[in-house]
Each structure stands twice: as C-alpha cells, then as structure tokens.
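Below is one structure; the comments refer to it alone.
The values are calculated or read from the model by the stated rules, or taken from the named source; none is laboratory data. These numbers were taken from a predicted model, which means no experiment stands behind them. We place every Cβ from the backbone using ideal geometry, glycine too, and count neighbours over all the protein chains shown. Each accessible area value is taken on the protein alone, full model and side chains, heavy atoms only, with ligands, DNA and RNA left out. Shrake-Rupley method; radii C 1.70, N 1.55, O 1.52, S 1.80 Å.
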Amino acid sequence: YAAKADGGRQRRYSADLDDRTDEEARLGAELRTALDRGEFHLVYQPIVELPHGNVVAVESLVRWWHPERGYVRPDVFIPVAERTGLIVELGEWILRTACLQFADWWRRGVAPYRFGVNVSARQLAEPGFVDMVAAILAETGVHPARLIVEVTETAVFGGGAAVRAVHELNGLGIEIALDDFGTGHSSLGLLQTLPVSILKVDKSFIENVTMAGRHAVIATSLIQVANGLGLVAVAEGVETPEQAAELYRLGYRRAQGYHFGRPAMALPARTESHAA
Ligand code: C2E
Ligand code: MG
Ligand code: MG
Ligand code: MG
C-alpha cells in the first residue's frame, strides 16, 4: 500500500516536472518569435547622487510585452533565454538599443553621465563578446567610459572566460559594476582580483536599513568595504525618504529605487547634462 502511495506521488511529481518543462519550452520558443517580432523594449531607471537626488546615471532594463501573456518579468524570461542561448542575440539587441538611446540623448545634450547595461553569465562567456561590445560602441559613437556593464557575482565566480571578458571590457575603458552584491556566490576575494569600480548593494539589505538588525549591519559593513577599497557603492531598491536619509548617514552617495524614479521609457527628470 505504501509503495502504491509513493508511486502516486512519484507520478504527480513527474507530471509537475513535465508541465514545467513544457512551459519552459513554450516560453523559449516564444522568446525567439518575440525577438523577430520586436516585442522587447528597454526602460531606464535613474541612479542618483545622495542627498540631493541628481541623476548621475541610468540603468537599462529589458521589458517583454507578450500579445497574450502581457508583461513577462525579466527574472522569468532572462533565465530561460540563458538556457536556450537566445540571450546572446537578445543581449546584443539590448546593448545596441541602449547605446543608440544614449547616443540620441547625447546629441540632444540631455544624456546622463553614464548608463548601465546588465550582462548575463552566458553572454560574458560567449566567444567574441568583447569584440561585439567594441563594435557596437564604435558603430553608435558612444565613448566606452560612458558604459557601465553590470555583472553578478555568480556570473564571474567560476573564473574562466567570463573573468577574462571582464578584464578585456575594463581594458576598453568600460566600467564594471557588481550587481546584487551580497546575494550570489559572494566572495570579497572577487573585489581583489576583478577590475570592479561599482558595488550595487542588493535591495534585500537596503529594505530594512532603517531598523536595527542584520540587514542594517550588512548595509553598514558593505559601505565601509566599498569606501575602503575606493569603490562606489550604489544602494538598490530605495523606496522611502527614510531609507535614503539613513543610507546617506551611513555613507552611501549613490542610490537607485522607486523613491527616486521607476524604470520608464522617457529620460528621468533632473538629469545632469553631460556638460556638467
Ligand atoms: P537588476 O539588474 O538588479 O535590476 C534591478 C531590479 O530592481 C529591476 O527589476 C528594477 O525594476 C527593480 N527595482 C528598482 N527599484 C526598485 C525598488 O525601489 N523596489 C523594488 N522592489 N524593485 C526595484 P526588473 O527590471 O524586473 O529586472 C529584474 C532583473 O532581471 C534585473 O535585476 C536583472 O538581473 C535582470 N535583467 C533586467 N534587464 C536585463 C537585461 O537587459 N539583460 C540582462 N541580462 N538581465 C536583465
Ligand atoms: Mg542591474
Ligand atoms: Mg541589481
Ligand atoms: Mg537585483
């Protein structure tokens, strides 16, 4: 009887797994079509200087508007695009689109000082990735020092091709940001060996920064590490004026979050001109 019950559970479990695999395969195929049909667009979120809130950079974030599903979140489709390999082509479209947008802002004299583009592990490890980045910068006329490439700790943890790519990007004059810092395969050793100049402190540590507790302690330690190493720390996910004030008190000078501006199609207000 027990064996039979287990067998039932086993079947249910594999049925769930099949459903998940089917759904993933469907999503993978739809992503391919979506790229061909132009269903992706980019939005830009301001990164500001504390305490006054001047915009010093923007981060580009990809959006997928599916005709039936509506918006699909990037944390849902980016991992699928990574597994199918489509991220290589999608990532190239994202980089070119962000560079074209920046070049347009620049021509109109309204460009923020810098712009960030997220790059996934698979892209970094792809042969020819750095050449592709250099070619897009040349083609769009964007100076490499304007571009920030955001990578996660996990993407560069294993070393190898991804780490080599990070060094080569930096060699071109591109700044490297470690994204979601503190949530991945965190190793302070990465900060010793990688040419990183920006630490993006994950929003999970920022959320409770106004309350005494573990997150506040970590947020406090990370700003000290960043300042001590001469890195710029960006507090992610700042949603309230209280958080912004506390972060400033702790020593944070850069922040990003709904309190300052949501990701949007238009250029955020209060952008410092590139002449500044
Ligand atoms: P991320 O790079 O850490 O981006 C920050 C995420 O936090 C964005 O979510 C942004 O909308 C969200 N966010 C910003 N301010 C706040 C806030 O105050 N509160 C809260 N709760 N959230 C805030 P989004 O756009 O959904 O992107 C999620 C993740 O998907 C990104 O995390 C990044 O890892 C990935 N992603 C997004 N766009 C791209 C892309 O173009 N290429 C790649 N490879 N990955 C991307
Ligand atoms: Mg990012
Ligand atoms: Mg982040
Ligand atoms: Mg994040």
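Tabulated data
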{"quantity": "Pair list, Cβ < 7 Å and 6+ apart or interchain, from region 242-257 residues that are more than 16 Å from ligand 2 (Cβ to nearest atom) to residues that are hydroxyl-bearing (S, T, Y) and part of a helix (DSSP H, G or I)", "calculated": "L250/T220"}
{"quantity": "Count of residues meeting criterion [away from ligand 4 (no atom under 16 Å from the Cβ) and open to solvent by 20 Å² or more (accessible area, probe 1.4 Å)] in region 209-230", "calculated": "14"}
{"quantity": "Residue match in region 53-62 (condition: open to solvent by less than 20 Å² (accessible area, probe 1.4 Å), in a helix (DSSP H, G or I) and touching a helix residue (DSSP H, G or I) at 6+ places or on another chain (Cβ under 7 Å))", "calculated": "no"}
{"quantity": "Filtered residue count, region 191-214, keeping only those that are within 16 Å of ligand 3 (Cβ to nearest atom) and over 21 Å from P241 (Cα atoms)", "calculated": "4"}
{"quantity": "Residue selected from region 177-197 under the condition open to solvent by 20 Å² or more (accessible area, probe 1.4 Å) and in contact with a strand residue (DSSP E or B) (Cβ under 7 Å, 6 or more places away or on another chain), by the criterion farthest from ligand 4 (Cβ to nearest atom)", "calculated": "P195"}
{"quantity": "Top-ranked residue in region 87-104 [being hydrophobic (A, V, I, L, M, F, W, C) and surrounded by 20 or more Cβ atoms within 10 Å (Cβ to Cβ); ranked as nearest to A138 (Cα to Cα)]", "calculated": "C99"}
{"quantity": "Qualifying positions in region 81-111 - within 17 Å of D36 (Cα to Cα) and of a type in the set (A, V, I, L, M, F, W, C)", "calculated": "A81, L86, I87, V88, L90, W93, I94, L95"}
{"quantity": "Count of residues meeting criterion [under 10 Å from F260 (Cα atoms) and either among the basic types (K, R) or within 13 Å of ligand 3 (Cβ to nearest atom) (or both)] in region 40-60", "calculated": "2"}
{"quantity": "Single unsatisfied condition, A125 versus (1) small (G, A, S); (2) open to solvent by less than 20 Å² (accessible area, probe 1.4 Å); (3) under 20 Å from the mean Cα position of the chain (by Cα)", "calculated": "(2)"}
{"quantity": "Criterion: surrounded by fewer than 16 Cβ atoms within 10 Å (Cβ to Cβ) and closer than 24 Å to G53 by Cα - qualifying residue of V201, V110, V149", "calculated": "V110"}
{"quantity": "Candidate set from region 152-174 (those that are away from ligand 1 (no atom under 15 Å from the Cβ) and part of a helix (DSSP H, G or I)); member that is surrounded by the most Cβ atoms within 10 Å (Cβ to Cβ)", "calculated": "V163"}
{"quantity": "The one condition in (1) within 14 Å of ligand 3 (Cβ to nearest atom); (2) surrounded by fewer than 12 Cβ atoms within 10 Å (Cβ to Cβ) that P67 fails to fulfil", "calculated": "(1)"}
{"quantity": "Close pairs (8 angstrom Cβ cut-off, 6 or more residues apart or separate chains): more than 13 Å from Y44 (Cβ to Cβ) in region 105-116, hydrophobic (A, V, I, L, M, F, W, C) anywhere", "calculated": "W106/V142; G109/A275; Y113/V56; Y113/A57; Y113/A276"}
{"quantity": "Qualifying residue in region 114-121 (condition: surrounded by 15 or more Cβ atoms within 10 Å (Cβ to Cβ), among the small types (G, A, S), touching an Asp or Glu at 6+ places or on another chain (Cβ under 6 Å) and part of a loop (DSSP other than H, G, I, E, B))", "calculated": "yes"}
